[in-house]
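So the structure is just underneath, and the comments pick up after that.
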Amino acid sequence: MGCCNSKNTKEPKGAGRPPLDVQPAEEDVKQKTDEVRDSTESSAEEETPGGQSTEADAKAAQELADPRAARIQAICARNKGCPYRYGACTVVGGDVKCYFEDGLIYCIVKDGCWHIYNDTLDYEAQVELLFGPGSQIATCERTMMEVMENNWTRAYAAVYPLETVQCVSGKVCGYQCSITIKPLDDSYRLKACAAANRNAEMETETVRRLAGNLTDEDEILRRCVETNTPYVDLTFPPCAAALARAGRDSRSFPVMAMMRPTQYLPEDMCAMVNDVIGAVVPHSIEHGSLGDSWLMCALAILAEDETAIHNLLMQGTPAEKAVGAYRLLMNKNGWWITVLLDDYLPTFSRTPVFARVCDNPAEMWVSLLQKAYAKVHGSYAAITGGDALQALADFAGSLMYRFDKEWEVAALDVTKAEELADALVGLSRSGASVVLSTPGHTSESYLGCNQESDPEGFRARYTKCGLRTGYTYFVERVVTLQKQQTLLFKLRNPWRSSGQWNGAWSYGSAEWGENPDVCSVCDAQEDPQDGSFWICWKDACEYFDGGGVFYPTSAAEDYRVKGFFDGTIPTVILEIMAVENTRVLLTLSQPDKRGVDLTDGAARFAPIMLTVSKKEGDMQRVQKNTSWNPEMPSNECNFVVGRDVGMWFTLEAGEVYHVVPRMHCKGVKSQYHRPYVVGILSYAPLEGKVRAQAMCIESDSNVFTNYSLYRSGAPQPVQAEHQTRLPGKAPVTNVSTTVI
C-alpha cells in the first residue's frame, strides 16, 4: 500500500440552493396534498438556523488563518441548516414543512401563525388550508376564508415568487393542506418587470446619445466615466435579445427584469458591490435556472485555483466599476480577449435568475463570468449545453482532452485498469488537473445507454448516493492502494442540492475502520465538511462514464501567434531555438463553432494537426505530430477534427525547430481563410532561454505532403500579431517577427 499522489487544493443574507437544469415541474401544474388529523402531530421536518453556533472570535481567527476553508465551512454549515434555495423567507424558526420534492413551497407554523413561503422565481402557489371542526381561526389580509357545510374551515390564498404570506392564525384541530403550483402567466410577469425594463431602456438610450457616432467600447466607457453616467454595453444591451436571439436560438425565455445589483439589492448593500469579495470558493456558486450546469461545473473547477479567478478580473478599475462596468479576460479561439460588460443581470423578484454567488448577493464574479460567456457566444440561450472542459479552456487558456474511451475500456476490462490508473496518478503528480464526469441525459456511453428505458430511475440512482447526472467533478487526489488492489479518488462536490456520497469509502464508512493505515494516508479520520468525498475505482466506474484533463495556466508563461490557412498552407510558422533543454506545451487552435451561424465557414471544425520538425543540415526531420492526447504526440500524421490540439515537447539545447500548423484538405472552404492561433506555454521562464520567430515557409514544401524529411529551404521572417501573457499580468499584444 502506498500513496502515489497526494494533490491538495489548498451571516450573509439568504441561502442558496442550486436548482435543477430544467424547470422544477415537467407538467404545467403540480399538486401535493398533505393531511393531518391530529393537530398535536408536528408537521415540521427542518428548522431554519436561529444563530451561529460558533463564537465570533473563534470564527474570526479561523477566517484569518484560512479564509477559503472558513468560507467553505460556513457555506456548508448553512446549507445543512437552511432548506431554502433563495433564502427570502421572512419567518425565522418555527416548524417548517416542504410540500414538493424539490423544495419550492414551504409551510411555516410559528406562534400559532401559519405562513406560506414561495421559494421559486417561476411559480404561483395556490394554497388551500382546511381546518377541522372546533378550530378557532382568524384570517390575514391576503387570505380568503369560508366555513363549509361539514364545519371545516377553508382558507385559501395565492402566494407569488419569494413571498412569505401569513395565511391564518389561531387554534387548530386537525388540518389538511393542498398546494398547487403553476407557471406565472405572462401578464403578471410583464407587470412585475415593466418598471425595471423601462429604466434599462432609458439608461441604454442615455448611453447611446452620449456615444454619438462612437463604436469603440473603450471610448464609450471613457465618456461614461468622465460624465459619471451608468455604463450600458451597447453591443450586448439589457434586453430580451441578450436572453435569446430571434431566429437564431432554439430556446426562449419568459419576461425578466433587467436590473443592476445596485437596483435589486437592499440599500445598505449597494456600496459593497464588487466582482470579488473575500475568498473565492467553488461552493459559493449558485447555478440559477439557465440550465448551464456544464459551465457552472467549469467555474467551480476553475475556482479551486483562486488566482485563476482573480487573473480573469484583474483589468477593471474602481472608476469603471463605479459606473457599473467590468472587464473580464477570456481565451477565445486560442486568443486572449477582454470582454467589457455592464452589470445588468436578468432578474425576477429582485433576484438574479441565472448564476450568482449564493452567500453574498453583492459579490458578482459568478454572474459576470456567465454573462461574459453569453456575450461572446451571442446570448444566454447559446450557452445552455456543452463540455465543462471546453469552458475551462476558454477561461484558463488551457489545453484539454478527454479520456472517455480509455475509461470505458478500463471499466469493462480489469487488465486495462492499471494502465489508466498509472496515467491518472502521473498526470495529477505533474500538476495537470483531472476531472470525472457523470453521464448526461443524451449520453450514449456504457452507462448513459442504461437510462433510455427509465430516465427517472437512472437519475434517482445517482441522487440516492449523493451525485448528479451530467456533472463534472474535480479530482483533488488520486491514491493507489497496492494491498487492496484498488484506486481511490478524492473528488470535490460543491453542489448543495446533490447531497453527499454515501457509498463505499464515504466518510465514516466501514472501509476506513478496516484499513487504518489507508485512513491515515488519506487523512480521512473525519469528514472535513467541505463537500469532498472518496470513491474507489469500482464505484467510480459504476457512476462516472469518463473524464478529462486540463493544464492550469495561472503560473505559466503564455505566448500566442495568429495566422490563417490559405487553402491548406499556413501563413505563419514558428522557428524556435532553445539555449537549454526546455519542456513546452505547443498548441494549435481554430475558431469555435458555438454561437456561429450555420452558413459561416467556422460552423464546422477542420481536421488540424501541429507538426514539429528539427533541422538536419539543410533539411528538416519531423520529430512529432499532435494526436488526441497532448501527453502522447505521434510519429504518424493524425489530423484531429477538434477545436484545439497540442503536445508536450522538449526543445533540445542548440537545435532549431519548425512548428508548422497543418490543416487537411477536407477543411478547405471556398472564400474562407480559416484563422488559427499557435501557442507556446511553459511553467518555466522562457525569456533568454528560448527564441521564437514568426516565419513563412514555401507552399510547395513537402511537409505539407506528410514527408518525414523535407528540405527546409530559406523560410522568411514575417510580421505577425502575437501575444505575451506572463503570470499575474494582463496579455500584451504586438506585431513583429520576434515572438519570444
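Of the residues in the stretch 441-473, how many are among the aromatic types (F, W, Y) and within 15 Å of D387 (Cβ to Cβ)? Outline the logic, then answer.
Filtering the stretch 441-473 down to residues among the aromatic types (F, W, Y) leaves 446, 458, 462, 471, 473.
Next, only the ones that are within 15 Å of D387 (Cβ to Cβ) stay: 471, 473.
So the count comes out to 2.
Of the residues making up the stretch 709-726, those that are modelled with pLDDT under 95, loosely packed, with under 15 Cβ neighbours inside 10 Å and not in a strand (DSSP E or B) are G713, A714. Mind telling me which of the residues A410, A391 ends up being under 30 Å from V255 (Cβ atoms) and touching a Leu at 6+ places or on another chain (Cβ under 9 Å)? Unique residue meeting the criteria: A391. Look at (1) in a loop (DSSP other than H, G, I, E, B); (2) within 22 Å of C696 (Cβ to Cβ) and you find that F565 fails only one, number (1). Within the stretch 99-122, not a single residue is more than 20 Å from T351 (Cα to Cα), touching a strand residue (DSSP E or B) at 6+ places or on another chain (Cβ under 7 Å), of a type in the set (D, E) and not assigned by TED's automatic domain parsing to the domain that holds T351. Filtered by the rule that a residue be in contact with a Ser or Thr (Cβ under 9 Å, 6 or more places away or on another chain) and of a type in the set (S, T, N, Q), the stretch 396-427 gives a lone residue, S398. Looking only at the stretch 220-243, residues that are in a helix (DSSP H, G or I) and hydroxyl-bearing (S, T, Y) come to 1 in all.
Candidates in the stretch 656-691 are the residues that are farther than 18 Å from L585 by Cβ and assigned to a loop (DSSP other than H, G, I, E, B); of these, the one that is nearest to the chain's Cα centre (by Cα) is R674. Among the conditions (1) in a helix (DSSP H, G or I); (2) of a type in the set (S, T, N, Q); (3) within 23 Å of D592 (Cβ to Cβ), T307 misses just one, which is (3).
Scanning the stretch 506-529 turns up no residue that is under 17 Å from the mean Cα position of the chain (by Cα) and surrounded by 20 or more Cβ atoms within 10 Å (Cβ to Cβ). Return the residue satisfying two criteria in turn: it lies in the stretch 584-593 and is of a type outside the set (S, T, N, Q) and crowded, with 19+ Cβ neighbours inside 10 Å, and of such residues it is nearest to the chain's Cα centre (by Cα). Only one residue fits best here, namely D592. Determine if the stretch 176-198 includes at least one residue that is in contact with a helix residue (DSSP H, G or I) (Cβ under 7 Å, 6 or more places away or on another chain), more than 24 Å from T347 (Cα to Cα), surrounded by fewer than 19 Cβ atoms within 10 Å (Cβ to Cβ) and not acidic (D, E). No, the stretch 176-198 contains no residue that is in contact with a helix residue (DSSP H, G or I) (Cβ under 7 Å, 6 or more places away or on another chain), more than 24 Å from T347 (Cα to Cα), surrounded by fewer than 19 Cβ atoms within 10 Å (Cβ to Cβ) and not acidic (D, E).
Residues in the stretch 346-392 that are part of a loop (DSSP other than H, G, I, E, B) and of a type in the set (D, E, K, R): R350, D359, D387. What number of residues within the stretch 329-383 are polar (S, T, N, Q), within 19 Å of S289 (Cβ to Cβ) and out of contact with any strand residue (DSSP E or B) (no Cβ under 8 Å at 6 or more places or on another chain)? Number of matching residues: 4.
Of everything in the stretch 596-624 that's charged (D, E, K, R) and part of a strand (DSSP E or B), which residue is farthest from the chain's Cα centre (by Cα)?
That would be E616.
From the list T469, T486, T480, the lone residue that is surrounded by 22 or more Cβ atoms within 10 Å (Cβ to Cβ) and not small (G, A, S) is T469.
Could you identify the single residue in M647, M577 that is within 22 Å of H722 (Cβ to Cβ) and surrounded by 19 or more Cβ atoms within 10 Å (Cβ to Cβ)? Spell out the reasoning first.
Details: M577 fails: surrounded by 19 or more Cβ atoms within 10 Å (Cβ to Cβ).
Checking each option against the conditions leaves just M647.
When the residues of the stretch 250-299 are filtered to those that are in contact with a strand residue (DSSP E or B) (Cβ under 6 Å, 6 or more places away or on another chain) and among the hydroxyl-bearing types (S, T, Y), the one that is surrounded by the fewest Cβ atoms within 10 Å (Cβ to Cβ) is Y264.
The values are calculated or read from the model by the stated rules, or taken from the named source; none is laboratory data. Note that the structure is a prediction, hence the values are computed from the model and not measured. For neighbour counting, all protein chains shown are included, and Cβ atoms are generated from backbone atoms with ideal geometry for every residue, glycine included.
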